[in-house]
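See below for the structure under consideration.
Quick note: the coordinates plus some simple rules give every number you see, no bench work behind them. These numbers were taken from a predicted model, which means no experiment stands behind them. When we count neighbours, we look across all protein chains shown, and the Cβ atoms used for this are built from the backbone with ideal geometry, even at glycine.
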Amino acid sequence: MTTSLGEVLDSRRTAEFHKAARALLKEPLLLARGPSADAYRLVRRYAAELREWFDRNTGWSLRVDAESARLRKTPGAPADTTHPAREASRAGMPFTRRRYVLLCLALAALERGEAQIALGRLAEQVVLDATDPQLIASGVEFTLERREERLDLAAVVRLLLRYGVLRRVAGDEDAYVSGAGDVLYDVERRVLAGLLAARHGPSLIAADGFEERLDALTAESALDSDELRFRAIRQKLTRRLLDDPVLYYDELTDEELVYLTRQRAFLTARVGELTGLVPEVRAEGIAMVDPHDDLTDVRMPEQGTRGHVTLLLAEHLAAADGEVGRGELEHRVRELVAVHGAFWSKSAKQPGTEGELVEQALAKLTALALVRRTPGGVTALPALARYAVGGPVVVETAVRTSQRKAQQP
């Protein structure tokens, strides 16, 4: 059988469209230069189709210009804390509360600043803005006199370098931290202007409390018709299918669950057309499975000691009945050291490291929607059952039958 040139071109175009969409979902801010340049060019080629798809199905806007492509994603669950900002380093440590505050103060200073700025000058502006009475009343204080605080500011700047908001001209952050020098940056104002993904300006929000302000930032306009309400539900469910490892039915409102039950095939098909993800539908929920295994920021299973510990604790939790306390998990890690310690790193076998190993494992399992933290410990969620290990099953009948057939003349 022969394949026509048109079919080959259509297949190639579909593959490129999938690749462009997946690139945006993995990195919603793609720069026209640097490591993301190839992905940026692909997104720019299919910008019109991608913009229409995201606007119709998720309510996300896509802006593409000569410097960057920015998909303004708003998560289906805005209060989800399992995917934090992380250091732009190999360790990838999650940002602390202080670093988040520093990030916001630095962005505000850059917005008011010039096309170039020195790190020392940025630090002075951050210290000045940190004297706001509301910040002081909330327990936030910065002097940047301590090395720990300068390290926090350096981590914020390196994140902005990775995002392309800043471009280093001269100097090094380590020299600033040690007090031996300064750093000069170009400020990419167009990238900076597109960094915030919110439907409403933060200065216009009058709500009190973090979650209330977060909801107000992403709130849609009043929905005064059934058509608009159904569109909002469809977009929210599509966002969750794209972003969440598992969409559990018990996390939905009655109206959302009814809509998903009726439109499940349509919604999952649309997501598959965009990304190539394959729906796995179970009694408890839906997971969009990635056959390419690269559309995630949290991997499991994972190589290394910590990945092995996480997998073994997942097996233990999958077999447990009900809530499991932290103490039991730490005891389990000590037992596992005796069995698998010869294959683990030296630091992981040191007494007292059980708490850190358990915390890292639980952070990953929670981010993947496999467990839920409770005041007393942790409980398994239905998707964790795929990591349960059953006993071996030996089927002798089939073997004997094949042997008898082999013996026949």
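In degrees between 0 and 90, to the nearest 10, how far off the longest principal axis of the chain does helix 97-112 point, with axes built from Cα atoms?
50
For Lys349, list the lysines whose Cα falls under 24 Å from its own Cα; do not include residues on the same chain fewer than 8 positions away.
Here the lysines satisfying the reach criterion relative to Lys349 are Lys364.
Give or take rounding to whole Å, what are the principal axis extents of the alpha carbon atoms in the chain, in descending order?
90, 62, 46
How many nm is it between the label spots at His292 and Glu328, if each spot is 7 Å from the Cα in line with the beta carbon?
4.1
For segment 100-145 and segment 341-390, compute the distance between their C-alpha centroids and round to whole Å.
Centre-to-centre (Cα) distance: 37 Å.
Send over the per residue convex hull volume for segment 305-387, Cα only, as a whole number of Å³.
Values: hull volume 7.0 nm³, N = 83.
Each residue corresponds to 84 Å³ of Cα convex hull volume.
Which angle from 0 to 90°, rounded to the nearest 10, does the C-alpha axis of helix 254-275 make with the longest principal axis of the chain?
Once rounded, the angle reads 90 degrees.
No solvent, one uniform scatterer per C-alpha: report log10 I(q)/I(0) for segment 32-121 via the Debye equation at q = 0.10, 0.12, 0.15, 0.25 1/Å, two decimals.
For segment 32-121, the Cα-only Debye profile gives -0.41, -0.60, -0.93, -1.15.
So if I average 1/r over every pair of distinct C-alpha atoms in segment 5-72 and take the inverse, what Kirkwood radius in Å does that give?
Taking every pair of different Cα atoms in segment 5-72, averaging 1/r and inverting gives 12.1 Å.
Report the extension gain between Phe266 and Ala283 in nm, rounded to one decimal, defined as 0.36 nm multiplied by the number of residues separating them, less their alpha carbon distance.
Working: separation 17, 0.36 × 17 = 6.12 nm, distance 1.80 nm.
Contour length minus Cα-Cα distance gives 4.3 nm.
Relative contact order of the chain: what whole-number percent is it, with Cα pairs under 8 angstrom and at least 6 residues apart?
Value for the chain: 12 percent.
By how many degrees, between 0 and 90 and to the nearest 10, does the Cα long axis of helix 47-57 differ from the longest principal axis of the chain?
Between helix and principal axis, roughly 70 degrees.
Subtract the Cα-Cα distance of Asp208 and Lys26 from 0.36 nm times their separation in residues, and report this length gain in nm to one decimal. Walk me through the numbers before you get to the answer.
On the way: separation 182, 0.36 × 182 = 65.52 nm, distance 3.21 nm.
Result: 62.3 nm gained on full extension.
Between Arg168 and Asp182, with labels modelled 7 Å along Cα→Cβ, what's the label distance in nm to one decimal, could you check?
1.8
Using the Cα centre of the chain as origin and beta-carbon charges of +1 (Lys, Arg) and -1 (Asp, Glu), tell me which of Ile286, Leu260, Tyr40 is placed farthest towards the positive end of the dipole.
Of Ile286, Leu260, Tyr40, it is Tyr40.
Per residue, how big is the convex hull around the C-alpha atoms of segment 97-193? Give it to me in cubic angstrom, could you?
Working: hull volume 8.5 nm³, N = 97.
So the per-residue Cα hull volume is 87 Å³.
Only Lys, Arg, Asp and Glu count, each charged at its Cβ (+1, +1, -1, -1), so figure out the dipole size of the chain about its Cα centre, rounded to 20 debye. Numbers along the way, then the final one.
Details: 57 positive and 61 negative charges, 275 e Å.
Approximately 1320 debye in magnitude.
Can you compute the charge dipole magnitude of segment 222-289 about its Cα centre, using +1 on each Lys and Arg Cβ and -1 on each Asp and Glu Cβ, nothing else charged? Give it in debye, rounded to the nearest 20. Provide the component values of the computation, followed by the final result.
Working: 10 positive and 13 negative charges, 54 e Å.
The dipole magnitude comes to about 260 debye.
List Tyr249, Tyr40 from most exposed to least, where exposure is judged by having the fewest other Cβ atoms within 10 Å. Please list the in-between numbers first.
Working: Tyr249 15, Tyr40 23.
By the 10 Å Cβ count, ascending, the order reads Tyr249, Tyr40.
If each of Glu220 and Ala198 carries a label point 7 Å out from its Cα toward its Cβ, how far apart are those two points in nm?
Here the modelled spin labels are 2.0 nm apart.
Would you mind ranking Trp60, Trp344 so that the residue whose beta carbon has the fewest other beta carbons within 10 Å leads the list?
Values: Trp60 21, Trp344 17.
So the residues, fewest neighbours to most, are Trp344, Trp60.
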